[in-house]
Amino acid sequence: MKILVINCGSSSLKFQVIDAVTEELLAKGLCERIGIDGSITYENVKDGTGKETSNPAIPDHNVAISLVIDALMNDRTGVIKSLDEIGAVGHRIVHGGEAFTSSVVINDEVIQAIKDVSDLAPLHNPANLIGVAACQKLMPGTPMVAVFDTAFHQTMPSKAYMYALPLSYYEDYKIRRYGFHGTSHSFVSKKAAEIVGKDYADLKTIVCHLGNGASISAVMNGKCVDTSMGLTPLEGLIMGTRSGDLDPAIVEFIANKENKTASEVLNVLNKKSGVFALSGEFSSDFRDLESAYKKGDKKAQLAVDAFAYRVAKYVGAYTAAMNGVDVIAFTAGIGENSPFVREKVLSYLGYLGIEYDPAANAQRGDVVKISTDSSKVAVYAIATNEELAIARETYALCK
Ligand code: AMP
């Protein structure tokens, strides 16, 4: 069975087609600038025909999906002959609130429940649902599955997810910590268990998902017990342009000083903070920051050092939360590709009995073992694959 995986944003739509049985990636692509002008990039990965980009008008997501289908059925570069070959569609949905603890087949009630929690993710959930509606219109008989970023973290105990706020905020508005990147944390923690050859239900793993958005999770005995993102993806680690943890009093302080509204300050915390801000608005990309760091740029050094320090602090906290740790896994853009940042984080963790091999850390690959055989904690870089995880979940519900 072939699965179409859709990750729909307000003006973009990423897609992949994966053979659910062999788990082979057949094709992938991206529609951008939907509603503005439009561009589509498509690649037949199976036959290696190379990337092709064109710029058709894409006024809305229905047009985007029909262009995706045209690309997938193209005589020269397509990977399907007819739409019937797509057995199911897996949709990434950012926020499932407390309603969804796992992936579900989409029906009218599910769509309503996703709408009901949309005020928790006002930028993402409505866009995700537009993608669902567009697919349903063009592929009416094909089952659709919702795979939630928040679902994996629903196993957190209340002591981890409750904010110390008036209880009515939780009862009336569902204000609590939810966590995000759940598909990645789930995929990587399972893969880590496989790699070390231990039972997932009997392992303590810390997953450091370090990308432009960054989060960290503690996974104990096959369940997430804590994670760094909160009600929204702003909490926790320092990120590309997001501040992560800070004193909430700062919001009012800046609002008063700069005559800004709360939402204007939050815009700064989401879009103009993080390593981008600490580097003096130089860059949010760690490739730029690392090279500037090595040339002695003080602001880039502060940005990278503060980033790594925050990750190390969370690793310490989550080791305490689980009373130990067996595996630490680095993943996502920075976690997979930056030996420099991994080494900086690990430099704080000798007290855990971690020994790492700098030569091994410099290696690249889907799975890189960084720790030595005598290390008390196994440390790996593991490539995440959220699309494959979505395809697996979709297949499991639709096969
Ligand atoms: P993601 O959000 O997981 O796609 O990660 C994107 C981020 O990964 C980029 O913004 C970079 O900061 C970082 N990144 C990607 N490749 C590298 C690399 N080779 N070295 C350092 N950082 C990288």
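Summary table
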quantity	calculated
The chain: antiparallel DSSP beta bridges as a percent of all, rounded to 5	70 percent
DSSP beta bridge pairing in the range 254-399, given as percent antiparallel to the nearest 5	50 percent
Which of 217, 338 has the fewest Cβ neighbours within 10 Å, and the rest in rising order	338, 217
Estimated 222 nm signal from helices in the chain, with DSSP H stretches of n ≥ 4 weighted -39500 (n - 2.57), rounded to 500	-11000 deg cm²/dmol
Local net charge near residue 192, Cβ-Cβ under 10 Å (Lys/Arg +1, Asp/Glu -1)	+1
Unit charges on C-beta of K, R, D, E only; dipole of the chain, Debye	640 debye
Dipole-positive endmost among 181, 263, 246 within the range 181-270 (Cβ charges, Cα centre)	181
Straight-distance crosslink candidates among aspartates and glutamates, where the alpha carbon sits under 18 Å from residue 198 and sequence neighbours closer than 8 are dropped	326, 373
With Cα atoms, 0 to 90° folded angle of helix 61-73 axis to the chain main axis	80 degrees
Anchor residue 298: aspartates and glutamates whose Cα lies under 20 Å away (excluding residues fewer than 8 positions away in-chain)	281, 285, 288, 290, 343
Local electrostatic count, residue 367, Cβ distance below 11 Å [Lys/Arg +1, Asp/Glu -1]	0
Debye-sum result for the range 91-140 in log10 I(q)/I(0), which assumes one identical scatterer on each alpha carbon, at q = 0.21, 0.24, 0.27, 0.28 Å⁻¹	-0.69, -0.90, -1.11, -1.18
With Cα atoms, 0 to 90° folded angle of helix 386-398 axis to the chain main axis	50 degrees
Cross-link partners of residue 159 among aspartates and glutamates (Cα-Cα below 19 Å; sequence separation of 8 or more within a chain)	98, 171, 172, 226, 235, 245
Cα centroid separation, the range 274-301 to the range 49-125 (Å)	36 Å
Selected from 71, 383, 208, residue furthest toward positive end of dipole (the chain; charges at beta carbon)	208
Taking the chain and dividing mean pair separation by its residue count, relative contact order in percent (alpha carbons under 8 Å, at least six apart)	14 percent
Rounded tilt (10° steps) of 298-322 against the dominant C-alpha axis of the chain	90 degrees
Footprinting exposure proxy for 239, 73 (fewest neighbouring C-beta atoms within 10 Å first)	73, 239
Cα-Cα over 24 Å, subset of 223/272; 204/344; 174/272; 294/344; 46/81; 190/376	223/272; 174/272
Bins of 5 Å from zero: percent of alpha-carbon pairs in the range 36-106	3, 13, 19, 18, 17, 14, 10, 5, 1, 0
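Where a number appears in this text, it was derived from the coordinates with a stated rule and is not lab data. This structure is a prediction, so every number in the text was calculated from the model and none was measured. Glycine also receives a Cβ, built like all others from the backbone with ideal geometry; neighbour counts cover every protein chain displayed.
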